[in-house]
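Before we start, here is the structure in question, set down as structure tokens.
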Amino acid sequence: MADEALFLLLHNEMVSGVYKSAEQGEVENGRCITKLENMGFRVGQGLIERKNTVLLLVDLFRFTKDTARFKDELDIMKFICKDFWTTVFKKQIDNLRTNHQGIYVLQDNKFRLLTQMSAGKQYLEHASKYLAFTCGLIRGGLSNLGIKSIVTAEVSSMPACKFQVMIQKS
Amino acid sequence: MSRQANRGTESKKMSSELFTLTYGALVTQLCKDYENDEDVNKQLDKMGYNIGVRLIEDFLARSNVGKCHDFRETADVIAKVAFKMYLGITPSITNWSPAGDEFSLIMENNPLVDFVELPDSHSSLIYSNLLCGVLRGALEMVQMAVEAKFVQDALKGDGVTEIRMRFIRRIEDNLPVGEE
């Protein structure tokens, strides 16, 4: 089982690597964010793609087949906040809010990928680089759970951050 | 109910795959960014080096190992403590050179390559080359200049995966030049 320290260092090195080979500017920054987000997406999909999980979710849908759609969705979001987050970041999401119309806000008060950076406002402009992979991770996980979404993140004071998930109705 | 038990086992499975999957995504991305395998190999080595120079601090803080007196002790610590701590495997140490300055780390299974297949178009890719960089960077921080390279790779059809470690020299300076 790979140690968390390895993942943290690898993630940080990936962020540095992506930005090092890019030039300055808005467009390049966007491209880097997209690259990181796409990598996270692939990983998120991979994490959910395990046979056991598929079996679990078949059960889930069998049990809740007849209930309103958003109930499944909420249960899936709770899974992301608890099991998924614990597996990846060794803690649960601290707060989940929703407008019950497909928008969820996941708040992590001590986000593991930011705790080493700063406590407060220092380096705030760089925080988005360290959130892109995780946005993709959530999007990828949800994708393999049958949910299409757009995931963004915002930070106002590290190491707390919020991930916003917008479910895309197909 | 059984659902709870399922979730527990899943957590364990998901955790061990996170690093492997992330590493896989990284290699895939690098293969897209760089024209040829050699450049990818170099980039993996560089990134590994940068990780290694930081990982050593974490290692020394958590492992309680004292200073190694010779390369044999170093080999033992690498295989039995470091690999175990970070990758959950214990490679075996073999093929010592007569001068005691070279040895091999043999991995029966390499956790980095779970679910990975190397396509023919990437036959020169050293998939796990990050590890060589990590070893080089980490040891440089404890005053040892070493060379690490893969000589056998299960991904390429070899029976085992083997990293050859060679001691070059002791580093006297306190501040080695970092890499870009």
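Quick note: the coordinates plus some simple rules give every number you see, no bench work behind them. Every value quoted in this text rests on a predicted model; they were computed, and no experiment measured them. FYI the Cβ positions are ideal-geometry reconstructions off the backbone, even for glycines, and counts take in every protein chain you see.
Can you tell which of B:Leu44, A:Gly17, A:Val105 lies farthest toward the positive end of the dipole of the protein assembly as shown, using +1 and -1 charges on the Cβ of basic and acidic side chains (Lys, Arg; Asp, Glu)?
A:Val105
In nm, what is the difference between 0.36 nm times the number of residues separating B:Asp76 and B:Thr28 and their Cα-Cα distance? Let's see the in-between values first.
Details: separation 48, 0.36 × 48 = 17.28 nm, distance 3.26 nm.
Extending this stretch completely gives an extra 14.0 nm.
Quick one: dipole size for chain B, taken about the Cα centre, charges +1 on Lys/Arg Cβ and -1 on Asp/Glu Cβ, in debye to the nearest 20.
800
Residues with amide H under 5 Å of A:Asn95's amide H, sequence separation 5 or more or different chain, H placed in the peptide plane at 1.01 Å from N; which?
Long-range HN contacts for A:Asn95: A:Gln107.
Calculated FRET efficiency, A:His100 and B:Asp114, Cβ-Cβ r, R0 35 Å, to nearest 0.05? All intermediate terms of the calculation are to be shown ahead of the outcome.
Values: r = 39 Å, r/R0 = 1.13.
With a Förster radius of 35 Å, E is 0.35.
Considering every Cα-Cα pair within segment B:129-175, what fraction, in whole percent, is farther apart than 13 Å?
On the way: 619 of 1081 pairs.
For segment B:129-175, the share of Cα pairs beyond 13 Å comes to 57 percent.
Tell me, Kirkwood radius of segment B:14-168 from alpha-carbon pair distances, in Å?
Working: mean 1/r = 0.0626 Å⁻¹.
This gives a value of 16.0 Å.
Here's something else I'd like to know. Loop-only check: which trypsin sites (Lys or Arg not before Pro) in segment A:126-164 are DSSP coil with at most 14 other Cβ within 10 angstrom? Can you show the working numbers first?
Numbers: sites: A:Lys129, A:Arg139, A:Lys148, A:Lys162; in loops: A:Lys148.
For trypsin sites (Lys or Arg not before Pro) across segment A:126-164 that sit outside H, G, I, E and B with at most 14 neighbouring Cβ atoms in 10 Å, the list reads A:Lys148.
Same structure again: Stokes-Einstein D for the protein assembly as shown at 37 °C, 0.692 mPa s, Kirkwood Rh over Cα pairs, in µm²/s?
After rounding, the answer is 151 µm²/s.
Using the crude model of +1 on Lys and Arg Cβ and -1 on Asp and Glu Cβ, and no other charge, please compute the dipole size for segment B:88-180 relative to its Cα centre, in debye to 20. The partial results should precede the final answer.
Numbers: 7 positive and 15 negative charges, 48 e Å.
With only Lys, Arg, Asp and Glu charged at Cβ, the dipole is about 240 debye.
When the dipole is taken about the Cα centre of segment A:71-170, and only Lys, Arg (+1) and Asp, Glu (-1) are charged at their Cβ, what size is it in debye, to the nearest 20? Let's see the in-between values first.
Working: 14 positive and 8 negative charges, 18 e Å.
Using Cβ point charges on Lys, Arg, Asp and Glu, segment A:71-170 gives about 80 debye.
So what are the ³J(HN,Hα) numbers for segment A:128-137, from phi and the Karplus equation (6.51, -1.76, 1.60; θ = phi - 60°), rounded to whole Hz, Gly and Pro as x?
Couplings: 4, 5, 8, 10, 4, 4, 5, 4, x, 4 Hz.
Now a separate question. Using a 10 Å cut-off on Cβ to Cβ distances, tally the other chain neighbours for every residue of B:51-62 and report the average as a whole number.
On the way: counts 7, 1, 1, 5, 6, 0, 1, 6, 2, 0, 1, 2.
Across B:51-62, the average partner-chain Cβ count within 10 Å equals 3.
If I model a spin label at A:Leu124 and B:Arg169 as a point 7 Å from the Cα along the Cα→Cβ vector, what separation in nanometres do I get?
With each label point 7 Å from Cα toward Cβ, the separation is 5.0 nm.
Distance in nm between label sites at A:Ala22 and B:Ser124, each 7 Å beyond Cα in the beta-carbon direction?
About 2.9 nm separates the two model spin labels.
I'd like the GluC sites (Glu not before Pro) in segment B:79-176 restricted to DSSP loop residues with at most 10 other Cβ atoms within 10 Å, sorted by number. Before the final figure, lay out each step's value.
Values: sites: B:Glu102, B:Glu108, B:Glu117, B:Glu140, B:Glu147, B:Glu162, B:Glu172; in loops: B:Glu108, B:Glu117, B:Glu172.
For GluC sites (Glu not before Pro) across segment B:79-176 that sit outside H, G, I, E and B with at most 10 neighbouring Cβ atoms in 10 Å, the list reads B:Glu117, B:Glu172.
Let me ask another. Any idea how far apart B:Ser92 and B:Gln152 come out in nm if each label point goes 7 Å out from Cα toward Cβ?
In this crude label model, B:Ser92 to B:Gln152 measures out at 1.0 nm.
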